[in-house]
Structure formats: C-alpha cells, structure tokens
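Notes for the one structure printed next.
The values are calculated or read from the model by the stated rules, or taken from the named source; none is laboratory data. Bear in mind the structure is a predicted one, so any value in this text is a computation, not a measurement. A quick note on method: Cβ atoms are made from the backbone with ideal geometry, for glycine too, and the neighbour counts reach across all protein chains shown. These accessible areas exclude ligands, DNA and RNA; they are computed on the full protein's heavy atoms, side chains included. Shrake-Rupley method; radii C 1.70, N 1.55, O 1.52, S 1.80 Å.
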Amino acid sequence: MERELREQMVSCGASYYQRGYSVGSAGNLSLRLPDGHILATPTNSCLGSLQAERLSKVTMAGEQVTGDRMSKEIAFHLAIYRQRPDCNAIVHLHSTYLTALSCLDGLDPENIIRPFTPYYVMKVGKMPLLPYFKPGSIRIAETLAQHAHEANAFLLANHGPVVLGTSLTEAVNAMDELEETAKLMFLLKDSNVRYLTEAEVSELRP
Ligand code: 13P
C-alpha cells in the first residue's frame with residue numbers, strides 16, 4: 001500500500017510538471033500513510049523528477065523518519081492533518097492562474113471565486129483567501145489550522161493555492177478544476193458573465 005502511494009505521488013508530481021502547473025522546485029504534495037505517518041515531497045525537489053524511495057516520511061509531530069529533508073511547508077501540511085482527520089492528501093502549487101489570482105487586490109476573502117461553472121461548486125465548493133506570510137513561515141500553518149474547517153481549498157495571498165482531499169486523486173482533481181476556473185476568470189475578465197444563481201448553486205452542493 002505504501003509503495004503504491006509513493007508511486008502515485010511520483011506520477012502526480014510528474015503530471016503537474018509536464019502540464020506546466022509546477023516549474024523549478026515550486027510546490028509540494030503530501031498524503032497520510034496507513035501507518036499514520038505523513039509522506040511528503042522533499043524540500044527543493046522538482047515535482048517532475050521525484051523518486052519514490054527519497055520522499056520524506058514524517059511523524060505527525062514533525063520529526064523526519066526517512067527520505068530526503070522534508071519540505072519547508074511541512075508545518076502547514078501537518079497543521080491541516082491535525083485539524084482535519086478526513087483529509088488524507090494535500091497539494092500546494094504556484095500554478096500560473098491561481099497564483100496570478102492570489103496577487104489581485106480587492107478579492108472577497110470568504111470566497112474568491114463567485115461560481116459561474118458547476119464543476120467548481122461540485123469539486124471545490126469555495127476558496128477563502130488567507131493573508132500573505134513568507135514561504136515556510138509558521139504563520140501559514142497557524143492560519144491554515146485556524147481556518148481548516150471552513151473549506152477544502154485556500155488561496156495564500158501572493159503565493160498560491162492549498163487544496164485538501166480525502167485522497168491524492170481527489171485533491172489533484174480539485175486542484176485541476178480550480179486552476180482551470182482561475183484561467184477562465186482571466187479569459188472572461190472583460191466579458192459580461194452570467195453567474196450561477198443561488199438556486200443553481202444549492203442544487204450542486206452535496
Ligand atoms: P519546498 O521546496 O520546501 O517544498 O517549498 C516549495 C514551495 O512551494 C514553498 O511554498
């Protein structure tokens with residue numbers, strides 16, 4: 001099981017890199033292993049060339065067990081897992097359109113994207129904006145711990161998205177939908193958009 005989950009993380013990383021969702025060493029992935037430890041991408045690793053046996057295995061207390069040195073964002077991954085027993089995987093990217101969105105002023109911090117397509121509502125629901133702190137800051141972990149129960153996707157201001165899933169597949173699918181939705185927002189920015197009505201949104205919610 002652990003072996004398969006390691007392979008899955010490697011292939012998700014490669015997919016993000018090949019599709020241009022991650023460049024250089026940006027972004028990190030993690031998942032909860034059946035033994036209760038967390039498996040995460042090592043710091044400064046390129047998501048396009050991860051190696052299954054070198055992934056970082058970490059205790060819930062944040063101690064490194066095996067693998068290369070853990071991501072500098074491990075604290076925020078652990079903070080979410082502690083708050084959300086239903087969360088088994090987390091994806092953090094600096095993908096182009098969501099990061100562009102994270103740099104805009106005047107966003108609605110409760111939910112940055114007003115729904116205009118059904119899959120955004122079905123796969124993501126809503127995405128609050130969290131304040132800017134430098135990458136690796138413990139303040140990111142503290143803020144995410146505080147808001148973890150409000151949504152399954154968050155946008156870190158001037159930084160990028162954090163998406164939670166019950167599995168890595170679910171987190172990846174939600175992240176894909178989110179990045180595509182952000183792209184559509186930029187494509188439609190000068191257009192007269194018909195947003196979904198309250199009734200249309202409510203019938204989509206699980
Ligand atoms: P790490 O290389 O330490 O995982 O950090 C990458 C990143 O995306 C920081 O936000």
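A few remarks follow.
- Of the helices (runs of 4 or more DSSP H) lying entirely inside region 65-165, those containing at least 1 residues that are free of Cβ contacts under 8 Å to residues at least 60 places away in the same chain, open to solvent by less than 30 Å² (accessible area, probe 1.4 Å) and among the hydrophobic types (A, V, I, L, M, F, W, C) are 74-83.
- Hits in region 189-206 (condition: under 24 Å from the mean Cα position of the chain (by Cα) and either among the β-branched types (V, I, T) or surrounded by 11 or more Cβ atoms within 10 Å (Cβ to Cβ) (or both)): V201, L204
- Among the candidates A171, A157, A182, residue that is under 17 Å from L78 (Cα atoms), at pLDDT 95 or above and either out of contact with any Asp or Glu (no Cβ under 6 Å at 6 or more places or on another chain) or among the polar types (S, T, N, Q) (or both): A171
- Looking only at region 27-44, and only at residues there that are small (G, A, S) and touching a helix residue (DSSP H, G or I) at 6+ places or on another chain (Cβ under 8 Å), the one that is farthest from L98 (Cα to Cα): A40
- Some residue of region 48-55 being modelled with pLDDT of 95 or more, over 18 Å from E4 (Cα atoms) and polar (S, T, N, Q): no
- Just one of (1) within 16 Å of the ligand (Cβ to nearest atom); (2) under 16 Å from the mean Cα position of the chain (by Cα) fails for C87. It is (1).
- Of S22, S30, S45, all but one fail to be over 14 Å from the mean Cα position of the chain (by Cα) and either crowded, with 16+ Cβ neighbours inside 10 Å or not in a strand (DSSP E or B) (or both); the exception is S45.
- So L98, is it within 28 Å of Y17 (Cβ to Cβ), within 13 Å of the ligand (Cβ to nearest atom) and touching a strand residue (DSSP E or B) at 6+ places or on another chain (Cβ under 8 Å): yes
- From the list R54, R114, R19, R6, the lone residue that is within 25 Å of P206 (Cβ to Cβ) and away from the ligand (no atom under 12 Å from the Cβ) is R114.
- The residues in region 130-152 that are more than 16 Å from the ligand (Cβ to nearest atom) and touching a Leu at 6+ places or on another chain (Cβ under 6 Å) can be counted, and the count is 1.
- Residue count, region 156-206 (criterion: over 29 Å from Q83 (Cβ atoms) and among the hydrophobic types (A, V, I, L, M, F, W, C)): 7
- Output for region 1-14, where each listed residue is touching a residue at least 24 places away in the same chain (Cβ under 8 Å), part of a helix (DSSP H, G or I) and farther than 15 Å from S56 by Cα: C12, A14
- Taken over region 22-33, the criterion of being more than 15 Å from the ligand (Cβ to nearest atom) and aliphatic (A, V, I, L, M) is satisfied by L33 alone.
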